[in-house]
Amino acid sequence: MPYLREAWYLAAWAEEIKPGELFHRTLLDEPVVFYRLRSGAIAALHDRCPHRFVPLHLGKLENDIIQCAYHGLQFDCSGKCVHNPHGSSKAAATRPYAVVERDGLVWIWMGESAEAKLELVPDFSHMSGLPETAGSQGYLWTECNYKLVADNVMDLSHADFLHADSVGGGAFTAARQHVEEMGDAVHITWECRHDKAPPIYDQFLAVPGQPVQFRTEVRWRAPGIMNLDITITPCGGGPLQALQTHNAHIVTPETATTTHYFFWLTRQFHMEDAQINAHRHTAMMRAFSTEDKPMLCEQQRAMGTDDLFSLRPVLLPSDAGAVRARRKLEQRIRDEQAAKASRPSIEAAQRPTTQTAT
Amino acid sequence: MPYLREAWYLAAWAEEIKPGELFHRTLLDEPVVFYRLRSGAIAALHDRCPHRFVPLHLGKLENDIIQCAYHGLQFDCSGKCVHNPHGSSKAAATRPYAVVERDGLVWIWMGESAEAKLELVPDFSHMSGLPETAGSQGYLWTECNYKLVADNVMDLSHADFLHADSVGGGAFTAARQHVEEMGDAVHITWECRHDKAPPIYDQFLAVPGQPVQFRTEVRWRAPGIMNLDITITPCGGGPLQALQTHNAHIVTPETATTTHYFFWLTRQFHMEDAQINAHRHTAMMRAFSTEDKPMLCEQQRAMGTDDLFSLRPVLLPSDAGAVRARRKLEQRIRDEQAAKASRPSIEAAQRPTTQTAT
Amino acid sequence: MPYLREAWYLAAWAEEIKPGELFHRTLLDEPVVFYRLRSGAIAALHDRCPHRFVPLHLGKLENDIIQCAYHGLQFDCSGKCVHNPHGSSKAAATRPYAVVERDGLVWIWMGESAEAKLELVPDFSHMSGLPETAGSQGYLWTECNYKLVADNVMDLSHADFLHADSVGGGAFTAARQHVEEMGDAVHITWECRHDKAPPIYDQFLAVPGQPVQFRTEVRWRAPGIMNLDITITPCGGGPLQALQTHNAHIVTPETATTTHYFFWLTRQFHMEDAQINAHRHTAMMRAFSTEDKPMLCEQQRAMGTDDLFSLRPVLLPSDAGAVRARRKLEQRIRDEQAAKASRPSIEAAQRPTTQTAT
């Protein structure tokens, strides 16, 4: 299955791209080099010199121009060759990508840059506006297909088993689960009254150990952007006593079998407490890196390059959200491929041909 | 060439499978998880949850039941799902294997468990009954096809060159070799009068350095079970003065290019001497791991995934036993494939289909 | 694209092949074992026993004969089996290669040994005759196709960017470049008056920092043998004041994506100064191993197994020499393949067939 191209993918945390430096990351099998213009805006180019195919990130950045390390061709932020030390022609060009920095996130449009739909850039302003002590970000390079990470978040029932000591505790399994398609999105909620909050929350209740009303919602959008909101209200307590977190789990394929997994955790309680923030970050990092990630990698290893459905898994009711998200993504990709087939290929037209640039 | 399925393969030494633990090993490209029931009997299941394909050995064992680490499905020793925390259905199942523990060896039937032929479990009681000081076992994970290890044992003439300092000494090359097919088995014997016993035996003769009558016999059975008996009788001495060893060399494919190589050495002389036993174990381990194993791995590397015969080797008379064993194994596999083609595939019928288990 | 077979390839520096030892190296995907006969001459055989395909270099060398480590077959320097411990037949044979040692270099003919054209062995006597303190040799195992290393040497304009601190300095880019085909060879020269000599030369001028007449010439021959001569003459100074170096860059494919890169540097100035020689060696090793080699490996990684031209690179005028060399090599290979197709295949006729050698 090809990737969805006409979509915003999370490429990096904003602070990963530092002034004066060339940052590179492979996205959807394409090497991309990122850098900040003197204006502060971020540029992104195919990280491959069109002359001899070496990575541009090995070169030098000066005055918003990258000079290739091998033969000195210079490219501006549009991908145009602006200096060719070996002749007057500047026919060479590398592909530019549309990039948007918003809410501390760097989004890249993997379709034609000219067709990037700015109005579709995901909005995380409700999380970026919080104090530093109320949130933390993490990144895990994970050896599995990105859809497996999405499946993992879309079926949080796994928390009761894989994360029994932290975010689990039986509430997901006990909950009534509700899946809904909202246009391009898939929403899934788990809701129940439970004897006790998950370990990681219980300690922050006014009266630890008390029964709670438990509500978790995941909102998925293509290609793999998930908002995850949790609300834990002590039974008998009002919304003021509720513990609330807003989180994002965002996956970007590196290759068919490796994924850039970004997660961002924020909370609405004890928001100024740096220590709680640090503890929470450590607990979540531990859960993701020592519980989720190994499980996802084993899953990938067992599946090889086969498609999930071709392996005929026994599906459970708890898979409903993940399966609908997969179906929606597949439909989007099929639509995109069909549209592409019915018009002259821009990619083919743009692809440089062998030519002597004199 | 596919594997022979309807056969007993050596899966493990009995002590590798400990009470309360999940043991896993890949056999014939299939991941298998083993554990002991409370009764002491050994169970074996396909080491893959039918829901999301993660290895069951990452899960928990309690009351003879494995709980998958990811979403908590529970399976009994027949592979049946006996608890599904996410719905009432227990449609999921994983494949069980027939397993027999005998003589300290754990045998697994890689065909349909219901069709396992108990009467065919190999008998090593003549070796398992000996005192602990008269035998030792070893295991080498070897990066080559299992048939190459069998070839190695079936042509012991290599000992005179590769193991000149231990089990070699020229006797095999000097011997008259006799190959015989006995039903499903191939027997090969080397017999001669030789000036001196191989180094590893000579020291135990009543008069070291004296000429001996040398006899070695290898009895091969599919898929790769070899008994190797050696008798060294001092010339002029009677059977009471003979040095005798009974050994087993057993190979089980892990994948097409990796092998579980089990060997078991016992002797009929100085049977109570722990020191001799330890020395002998060390010498043999050294020979197998530093002389045979590297040679086999280089051979595999040179051959790649090609079949031996397709590479048109120059065959020597000393290959006769190995070649007959290969031909017998190939015939068994062809017969099995033909039988399989002529009846409805049990495997296909058993394979789970995508289904929502509610 | 197959390899050119009927050509001399540099296999090793002469001192790599020591008396009494078996030296092995893979060339054009073929494992080859080399050794010195008692006469001092070098023999080369396919490094694979025709019986069980293990490397002959694991065996023993005695009296110009290799004994295979596995079953003791013995081969002489013509590849003939001269002793078979397991029967009277000596049908087994391994392929011999024609080898010539000249000027401290070991050349191997990768076509039929009987057809080796001795008159084509490259001549480096102008470099081998110099004092030890006037030259140095290096070897880099490089993870890229051999043609990429040749491209690198054939377009020295890269020196101004990749090696700005050592052999670069702008002279190549400033120079007029002249490419000429001379029969089977491609010659490329760069010539200009330049403000300053490259850093590695400037220090040796009578008056450092002075303008120079700069001339570099690379002469390529198939399959990948390059002479590289540099002459730097101070402006106003005569030939007596010129700094001159003769160098060789020679590439031999190990596999399609790995290369044996041999380089040999000699100079015509301060020829008795061991310290200058050592400094120069260190500087060049640093440039090749930390600047060229990583760039070549990245280029290979980006290109995968695709042919350069199929990837439609934007070619620059500075590629002219490299492209002509590639075209010439391709033509030679096509001619060779066509000639091979039109006569009975010697290779096929020579290839041993499965046979029982009794």
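The range B:270-301 and the range B:30-66 have Cα centres lying 33 Å from one another.
At q = 0.08, 0.11, 0.12, 0.15 Å⁻¹ the log10 of I(q)/I(0) for the range A:125-336 amounts to -0.27, -0.52, -0.63, -0.98, computed by Debye summation with a single uniform scatterer per C-alpha, solvent ignored. Dipole magnitude for the range A:125-336: about 220 debye, using +1 per Lys or Arg Cβ and -1 per Asp or Glu Cβ, origin at the Cα centre.
Assign unit charges at the C-beta atoms only (+1 for Lys and Arg, -1 for Asp and Glu), then state the dipole size of chain C relative to its Cα centre in Debye, rounded to the nearest 20.
Details: 35 positive and 43 negative charges, 164 e Å.
Roughly 780 debye, rounded to the nearest 20.
Taking other Cβ atoms within 10 Å as a rough exposure proxy, C:PHE161, A:PHE172, B:PHE309 sort from fewest to most as B:PHE309, C:PHE161, A:PHE172. Neighbour counts of other Cβ atoms within 10 Å put B:THR231, C:THR282, A:THR26 in the fewest-to-most order C:THR282, A:THR26, B:THR231.
Remark: relative contact order (chain A) = 17 percent; criterion is Cα-Cα distance under 8 angstrom and separation of 6 or more residues.
Taking every eigenvalue of the Cα gyration tensor of the range A:115-182, multiplying by 5 and rooting it, what semi-axes result, largest first, whole Å? Don't skip to the end; give the middle numbers.
Working: eigenvalues 141, 69, 52 Å².
After diagonalising the Cα gyration tensor, the semi-axes are 27, 19, 16 Å.
Which value results for Rg/Rh of chain A when Rg is the Cα radius of gyration and Rh the Kirkwood radius based on the inverse mean 1/r? Working shown, then result.
Values: Rg = 22.7 Å, Rh = 22.2 Å.
Reported Rg/Rh, Kirkwood definition of Rh: 1.02.
Does the protein assembly as shown classify as rounded, prolate or oblate by the C-alpha gyration tensor (a ≥ b ≥ c root eigenvalues; a/c under 1.5 gives rounded; else a/b over b/c gives prolate, otherwise oblate)?
Details: a/c = 2.18, a/b = 1.00, b/c = 2.18.
Verdict is oblate for the protein assembly as shown.
I'd like the FRET efficiency for B:GLN210 and B:ARG312, computed as 1/(1 + (r/R0)^6) with the beta carbon distance as r and R0 of 56 Å, rounded to 0.05. FRET efficiency, B:GLN210 to B:ARG312: 0.80. The mean sequence distance of close C-alpha pairs (under 8 Å, at least 6 residues apart), as a share of the length of the range A:8-120, puts its relative contact order at 25 percent.
Over the range C:84-148, Cα pairs under 8 Å with separation of 6+ residues give a relative contact order of 22 percent. With the gyration tensor restricted to C-alpha atoms of the range B:8-120, the semi-axes of the equivalent ellipsoid amount to 23, 14, 12 Å, longest first. Distances between copies of C:ASP165, taken at a point 7 Å out from Cα along the Cα→Cβ vector and listed shortest first: 4.9, 4.9 nm. Under 5 Å from the amide H of B:LEU105 lie the amide H atoms of B:ALA14, each residue being 5 or more positions distant or on a separate chain, with H modelled from the backbone and absent for Pro and chain starts. Nearest-to-axis residue in chain A, judged by Cβ distance to the rotation axis that brings A onto C and given in whole Å, is A:THR305, 11. Here is how far apart the B:SER342 label points are across copies: 5.4, 5.5 nm, shortest first, using a point 7 Å from Cα toward Cβ.
The alpha carbon centroids of the range A:128-192 and the range B:235-261 are separated by 56 Å. Other residues lying with their Cβ under 11 Å from the Cβ of C:HIS279 contribute a combined charge of +1, Lys and Arg counting +1, Asp and Glu -1.
Under 18 Å from a label point set 7 Å out along the Cα-to-Cβ vector of C:GLN268, the amide N atoms of the range C:217-233 belong to C:217-219, C:227-233.
Helical runs assigned H by DSSP (4 residues or longer) give chain A a calculated mean residue ellipticity at 222 nm of -6000 deg cm²/dmol, each run adding -39500 (n - 2.57) before division by the residue total. Label sites at C:MET182 and B:GLU217, each approximated as a point 7 angstrom past Cα along Cα to Cβ, lie 7.7 nm apart. With the label put 7 angstrom out from Cα along the Cα-to-Cβ vector, B:SER125 ends up 8.3, 8.3 nm from the copy partners, going from closest to farthest. Label 7 Å along Cα→Cβ of A:HIS83; the range A:33-62 residues with amide nitrogen under 15 Å? Only A:59-62 fall inside the zone, counting backbone N under 15 Å.
Taking trypsin sites (Lys or Arg not before Pro) as exposed when DSSP calls them loop (any state but H, G, I, E, B) and at most 12 other Cβ atoms lie within 10 Å, what is the longest stretch of chain C free of them, the sites themselves excluded?
Values: sites that count: C:ARG38, C:LYS117.
Answer from the scan: C:118-358.
With the largest listed first and rounded to whole Å, the semi-axes of the equivalent ellipsoid of the range A:213-304 from the Cα gyration tensor are 30, 15, 13. The mean count of C-beta atoms from other chains within 10 Å of the C-beta of residues in A:147-155, rounded to a whole number, is 1.
Evaluate E = 1/(1 + (r/R0)^6) for A:TRP13 and B:ALA339, where r is the Cβ-Cβ distance and R0 equals 60 Å; express this FRET efficiency to the nearest 0.05.
Details: r = 60 Å, r/R0 = 1.00.
Rounded to the nearest 0.05, the efficiency is 0.50.
Grab the range C:8-120 and count how many Lys pairs have their alpha-carbon atoms under 25 Å apart, sequence gap of 8 or more, or different chains. Please list the in-between numbers first.
Values: C:LYS18/C:LYS60; C:LYS18/C:LYS80; C:LYS60/C:LYS80; C:LYS60/C:LYS90; C:LYS80/C:LYS90; C:LYS80/C:LYS117.
For the range C:8-120, qualifying lysine pairs total 6.
Rule-based calculations on the coordinates, nothing more; no lab input. What you see is a predicted model; the values in this text were computed from it and never measured. Every residue, glycine among them, receives a Cβ derived from its backbone with ideal geometry; neighbour counts consider all protein chains shown.
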